[in-house]
Amino acid sequence: TTLPYGNRANYYRDNKMYKEAIDDYNTTIAMKDNQPQAYNSRARLYFELAKGKDTLMMALRDYSKAIEYDPKDGEFRVNRGATYARLGDLQNAVTDMTEGIKLKPDHAVGYLNRSIMYHNLNRVDLALQDIESYLKLVPYNGDLWYEKGRALRMLNRPEEAIVAYSESLKYESKNKGLFYYERSKTYHGLNKINEAKADLQQAINIGFAGVEPAYRQQLGL
């Protein structure tokens, strides 16, 4: 049976014993080729380790094998899409992620990954839709509420951006200084100077390093 090798490979991978993990995945696949999960797992490892194109291509081949053996698993498609993205092939990335989401509509990571692709393709409207789909599934992610605010601001919807930034501040994140700062600038754009000042002061108090001196001076802080 291949199960013990697969389980041990996952254990090795989770404990960063990468060579041992790859050896066990190789053994699993050598024993029985038609194993989509084994190909997916080995591909994930190649993806995590990849520093250049060669290893990413190995991940891509393994994800393609996983899809060949189980074309109905949406996660495999989303994973291959992320590999295409790292290879700079955004169109194939979007195609795979879209297919993956169709097969697995509750796959939050699929929406998250595709939203990044749409941002890179300057389709902020579509990125926003994916961020909203993600937040329906994972509502407690402050960083994604911030990304929603950022997208709304790009789409010239500042009042809605304020609501999203305010939501982002309800949740734990190491980026809270940035959230206050961006909400401050959005308030400033709406000519709500007191609110802008209060948020800028909060960002400064937290120690946010990205405050522009000219903006600080403008608000007299």
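The values are calculated or read from the model by the stated rules, or taken from the named source; none is laboratory data. Values in this document were obtained by computation on a predicted structure and should not be read as measured data. Cβ coordinates were reconstructed from backbone atoms using ideal geometry, including for glycine residues, and neighbour counts include every protein chain displayed. Keep in mind that these areas ignore ligands, DNA and RNA; they rest on the heavy atoms of the full protein, side chains included. Shrake-Rupley method; radii C 1.70, N 1.55, O 1.52, S 1.80 Å.
Expressed as a whole percent, the accessible surface of the chain that belongs to carbon and sulfur atoms is 49, based on a 1.4 Å probe. Shown in residue order for the range 209-215 are the 3J(HN,Hα) couplings computed by the Karplus curve 6.51 cos²θ - 1.76 cosθ + 1.60 at θ = phi - 60°: 8, x, 5, 6, x, 5, 5 Hz (x for Gly and Pro). Computed with a 1.4 Å probe over protein heavy atoms only, the accessible surface of the chain comes to 54 Å² per residue.
Where does the charge balance sit around TYR111 when Lys and Arg score +1, Asp and Glu -1, over other residues with C-beta under 11 Å from its C-beta? It works out to a net charge of 0.
Listed cross-link partners LYS16/LYS72; LYS104/LYS136; LYS16/LYS65; LYS51/LYS148; LYS104/LYS170; LYS16/LYS174 are compared with a 20 Å cut-off, the Cα-Cα value being larger for LYS16/LYS72; LYS16/LYS65; LYS51/LYS148; LYS104/LYS170; LYS16/LYS174.
What helices in the chain pass both tests, a Cα length along the helix axis of 30 Å or more and a mean Kyte hydropathy of 1.6 or higher, using whole DSSP H runs? None clear 30 Å together with a mean of 1.6.
Taken as Cα centroids, the range 78-131 and the range 140-175 sit 20 Å apart, rounded to the nearest whole angstrom. With helices as the sole contributors, the chain gives -24000 deg cm²/dmol at 222 nm; each DSSP H run of n ≥ 4 counts as -39500 (n - 2.57), and the sum is divided by every residue.
No solvent, one uniform scatterer per C-alpha: report log10 I(q)/I(0) for the chain via the Debye equation at q = 0.08, 0.13, 0.15 1/Å, two decimals. Log-scaled intensity ratios, in q order: -0.40, -0.84, -0.97. Let me know the shape class of the range 10-101, please: from the alpha-carbon gyration tensor, a ≥ b ≥ c as square roots of the eigenvalues, rounded when a/c is under 1.5, otherwise prolate if a/b is greater than b/c, or oblate. Here the range 10-101 falls in the oblate category.
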